[in-house]
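For reference, the structure is listed below as structure tokens.
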Amino acid sequence: ETGVTQSPTHLIKTRGQQVTLRCSSQSGHNTVSWYQQALGQGPQFIFQYYREEENGRGNFPPRFSGLQFPNYSSELNVNALELDDSALYLCASSLGGRTANTGELFFGEGSRLTVL
Amino acid sequence: GESVGLHLPTLSVQEGDNSIINCAYSNSASDYFIWYKQESGKGPQFIIDIRSNMDKRQGQRVTVLLNKTVKHLSLQIAATQPGDSAVYFCAEIYDYKLSFGAGTTVTVRA
């Protein structure tokens, strides 16, 4: 087990709704990254939070937003859901922030979102 | 069975044989590479990494090879076991962003 927990594990929403996904990082890790993994594809980087601030973003629209809290846990919010948002959303924690070229990200098991 | 040089989306391997999984990366400026294993219903799990100043690194039953000239990575698994059945992804890091390649689904035949 990685020590990274995500909730909920599965959820179903309809188009236009909003969703909040949650992640508790591994103890002591101050950096959280979020990834979207569509079925049969590799994870795609959404954004990264380091010490409560977004410090990097992938090619995702502004309706994907996030937060990181003082205890380093994090939320991913998606507004105005679209059918193509159906995917597994993965959270990964690490230590060191933007400058840390460590591949030892610890992934949670993901939240599977289905948009109908 | 082995695959050398060419990325294949699936790989079927006899238990006990060696496996080779190939990956092409996109950014010549990437300086750090990682292999991940993803089992069904789980998040990716770190296997082994390599920096761009190396061309080979060995772990327990795994070896990663890096050829920067042709932007190619490979993962070799020795004595493949049923527990090695999973999807394997290579990933590159450039400017803190981790970019995953296309995965290879490895199935181990008993």
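Some observations on this one:
- In the assembled protein chains, B:VAL64 presents an accessible area of approximately 0 Å² (probe radius 1.4 Å).
- Exposure check, 1.4 Å probe, all protein chains in place: A:LEU95 carries approximately 100 Å² of accessible surface.
- Our Cα-only numbers for the protein assembly as shown put the radius of gyration and Dmax at 17.6, 50 Å.
- The label-point distance for B:ASN53 and B:LYS71, in a model that sets each label 7 Å from Cα toward Cβ, rounds to 2.4 nm.
- Buried on complex formation within segment B:93-107 (loss of at least 50 square angstrom of accessible surface versus the isolated chain, 1.4 Å probe, ligands and nucleic acids ignored): B:TYR96, B:LEU98, B:PHE100.
- Check: chain A dipole with +1 on Lys, Arg Cβ and -1 on Asp, Glu Cβ, in debye: 180 debye
- Per-residue HN-Hα couplings for segment A:35-49 [Karplus 6.51, -1.76, 1.60; θ = phi - 60°; Hz; x = Gly/Pro]: 9, 10, 10, 6, 4, x, 10, x, x, 10, 5, 9, 6, 10, 10
- Debye, to nearest 20: dipole size of the protein assembly as shown, +1 on Lys, Arg Cβ, -1 on Asp, Glu Cβ: 140 debye
- Take every pair of alpha-carbon atoms less than 8 Å apart whose residues are at least six positions apart; their mean separation over the length of chain B yields a relative contact order of 34 percent.
- Normalised by the number of residues in chain A, the average gap of Cα pairs under 8 Å and 6 or more apart makes the relative contact order 37 percent.
- Average accessible surface area per residue within chain B, 1.4 Å rolling probe, Å²: 49 Å²
- Cα-derived Rg over Rh, computed across chain B with Rh taken as Kirkwood radius: 0.94
- For segment A:1-38, the residues whose amide N sits under 17 Å from a probe point set 7 Å from the Cα of A:ARG57 along the beta carbon direction are A:32-36.
- With a 1.4 angstrom probe, the accessible area lost at the B-A interface totals about 1600 Å².
- Using distinct alpha-carbon pairs, which all enter the 1/r mean, Kirkwood radius of chain A in Å: 14.0 Å
- Fraction of accessible area attributable to carbon and sulfur, chain B (%, probe 1.4 Å): 48 percent
- Taking a point 7 Å from the Cα of A:GLN18 along the Cα-to-Cβ direction, the residues of segment A:62-78 with backbone N closer than 18 Å to it are A:62-69, A:74-78.
The values are calculated or read from the model by the stated rules, or taken from the named source; none is laboratory data. Remember, it's a predicted structure, so these values are computed and weren't measured experimentally. Note: ideal-geometry Cβ built from the backbone for every residue, glycine included; neighbour counts use all protein chains shown. For accessibility, only protein heavy atoms count, side chains too; no ligands or nucleic acids. Shrake-Rupley method; radii C 1.70, N 1.55, O 1.52, S 1.80 Å.
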